[in-house]
Each structure stands twice: as C-alpha cells, then as structure tokens.
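Before any comments, here is the structure.
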C-alpha cells in the first residue's frame, strides 16, 4: 500500500504530492492515522530557507489523529488512542533528565535532520522512500504529519480528551504551546504584570490568550495587520498598536508608571517576528528586571543591536524553543483550558482539505487565515 505525502522537493517551491509506501511502526514507534495537522511558520521556513535540511522532505509538525499501529516496547499508548503530536526528544540526556526536553542534546537530529537517528549508535538513515526507491526524508519534529499516516514516538505522542476535535487538538503541539508556554513557563507571569507581544500570528495570539487567562495588564499587541490587531483585542489584549512610526512613543504612553524620561517600562516583551530591528526596539521598552523573550525564527546571520548599559537594571534576553514546555504535561493543560473556555484558540483556525495545502499556505502568508489546519478524509 502507498500514500501521498506533501513534500518539499525544491527549495522555495510549493509542496508537491509524493507517493511513498505506507510506513510501518518499529520498536519504540507508533503509527498515527492523521485526521488534522496545522501549518506553522516553521514549516514555511524549512520550505523556503536553506536551514540544512535534506530534500525531498515531508514536513508538518502539528499532527492529530488516532493510533492504528504500536511498535514493540511502547508503553502507555494503544491502538485507538486519540492523540496530538509534538516535538521529539531522547529522554536520556542531561536536559531531558532535568525536565527540559525542549533543549535535548539531540534536538536537531531528532527533529530537523529528516532522518531516523539512533542516539545510542549515531546511525542516521532516511526513514521513507519514494515508490521508485529514492530517499524521502521525514521524521520532522518526530512526525512529518503532512501525510495521511505519520510515524511518531512515545515521547512526542500525547493522548487528548474525546471532547476535543482533532482540528483543535492539532495546533496545540507547537504553535499554541510555544506562545502560551512563553507566558506560563518562561515568564512565569503573574497577574498585573505588563506585556508587549510583537507579531500577533498564531504564536503571538496564543501568548495573548495565556496572558489574559493569568490576568496580566496591560497586554499590548503590535502588528502590521489591522485585522489581526482586532482579533488580539477580542482575545484579551488591552491595547492594539500598528507597527511603524511613533510606536515607541505610543508604548511609553501605555506602560504602567514609567520612570520620567525613560520611555516605556514593560515587565516583558515577546517577539514572534524574528526581525532583528523589532527585537532591538522591544528590548528598549523593558523596565528594570524586564524580560525579552525571543521566539521568531530569524534568517541565518541576523544580528540585533541593544544598549548594554540598559542591562545593569536586571534586564534579560532569553531565546526559547516550544514555549519551554514538556508536551506530555503542557498539551493536556491547554486542552483542558480550551474545554473550560479559557483558551479560545478555535478563533484562529481556518480549515482546508489536505490536497489544498498550497492554498492554505498562501492564506496564512497573506494574513487571510491565522492558523490553517489541514483536514484528511
């Protein structure tokens, strides 16, 4: 049996359907029949940028579906389980054993290299083949869910409640986890603290929903797209500001009780854009002990400028992966918050048939859809 998967065949070009034999779960793996998968900006970055990943490669890393095959040695998962998929980790390195799997020593090889990697032996092999026998790279984020079936691993497969539809479960594994985790985990935010979010796509809006759930205030959304700013207000932002001329002055007027002559003085800022100029400007808006959280993927070689003296007041910059979250704990937390009405990420989602993956990507890039989710028959 074979399946059609959406693969990047040529850098910077649209996804193409590639026929490949139906994969089989091996020891430590599960096969998931994918019902829905989100599209993330990271998928487009690996499609378009030269980030070292081999081609042709199946991307996709926000899968949700039903386990239909379980390999030897897998515990806690069974055929028929409804699951969401997230990033993979080894479970044995210093970071994993310190409850920080997002910084696994093997994170690149297990998630981005497109190969099956065995940390014990160092062996690396392409996981799939095309029907004519050529290599087909996959295992993206330990799943490659731009396909009707995905091979995942016990550590990145999370059971979800029956009440949560697959198209709402799918984005929890990356985009929603990353934005919300930045607030809950990285910032360990408290009620009344102030926040500016630069870029209110899916990740930025997830951060705003989390900040609103905690009771942060003010919560300022900054973006170039008025429609997204309006949605940010609906989801909990207290202020919405268009990026561009005069932004620094407008933020200074919003910041709670800034010291005279110092400009804005926010407790925290989150950047999802990956633009060096935005990060530099955001750092300047922080007050004493303020935290700059860098999430967005930057072009290779990008550099940001900032005033070193400003950090003597306890400021800090932290770059994060996956919201500093362990998906086994955090995905169920977000699922429960959604079902309780405290994380309405359904407001972000537009659905598309899997066959229309390129139209869905265009809808995200144009701003028509914040979080496209592909649906399978």
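Relative to the longest principal Cα axis of the chain, at what angle does helix 327-339 sit, 0 to 90 degrees, rounded to 10? Taking Cα atoms only, the helix is inclined about 70 degrees. Each of 66, 74, 200 was scored by other Cβ atoms within 10 Å of its Cβ. Listed from fewest to most, they are 66, 74, 200.
When every alpha-carbon pair in segment 35-84 is counted, what percent end up more than 13 Å apart?
Values: 816 of 1225 pairs.
Tail fraction, whole percent: 67.
Annotation for segment 1-44 versus segment 339-374: alpha-carbon center distance of 18 Å.
For the chain, take the longest principal axis of its alpha carbons; what is the angle in degrees between that and the long axis of helix 357-366, to the nearest 10 within 0 to 90? In the chain, helix 357-366 runs at an angle near 10 degrees to the longest axis. When each of the peptides 223-230, 204-211 is scored by how many other beta carbons lie within 10 Å of its residues on average, the order from highest to lowest is 204-211, 223-230.
What ranking, highest mean first, results for peptides 308-320, 275-287 when packing means the other Cβ atoms within 10 Å averaged over each residue?
On the way: 308-320: 12.8, 275-287: 20.9.
The densest-packed peptide leads the list: 275-287, 308-320.
Give the calculated FRET efficiency between residue 340 and residue 130 to the nearest 0.05, with a Förster radius of 45 Å applied to their Cβ-Cβ distance. Walk me through the numbers on the way to the answer.
Numbers: r = 45 Å, r/R0 = 1.00.
Efficiency at R0 = 45 Å is approximately 0.50.
Using a simple spin-label model with pseudo-atoms 7 Å out from Cα toward Cβ, residue 19 and residue 276 lie 4.7 nm apart. Of the peptides 336-348, 242-254, 98-110, the order by per-residue mean of other Cβ atoms within 10 Å, starting with the highest, comes out as 98-110, 336-348, 242-254. Among 371, 190, 159, 33, a tally of other beta-carbon atoms within 10 Å of each Cβ gives an order, fewest to most, of 190, 33, 159, 371. Between residue 3 and residue 163, the C-beta separation translates, for a Förster distance of 35 Å, into a calculated FRET efficiency of about 0.75. Per DSSP H run of n ≥ 4, the term is -39500 (n - 2.57); total these for the chain, divide by its residue number, and report the mean residue ellipticity at 222 nm rounded to 500 deg cm²/dmol. Roughly -6500 deg cm²/dmol at 222 nm, from the helical runs in the chain. Note on residue 94 and residue 288: the extension gain reaches 66.6 nm, defined as 0.36 nm multiplied by sequence separation minus the Cα-Cα distance.
Normalising by residue count, the chain has a Cα convex hull of 133 Å³ per residue.
Could you tell me the calculated FRET efficiency between residue 230 and residue 44, based on Cβ-Cβ distance and R0 = 30 angstrom, to the nearest 0.05? Approximately 0.80, to the nearest 0.05. Out of every Cα-Cα pair in segment 176-322, what percent are more than 23 Å apart? Percentage above 23 Å: 25.
Just so you know, all these numbers are worked out from the coordinates, no wet-lab data involved. Predicted model, so just to flag it, every value in this text is computed and none were measured. Heads up, the Cβs are rebuilt from the backbone with ideal geometry, glycines too, and the neighbour counts pull from every protein chain shown.
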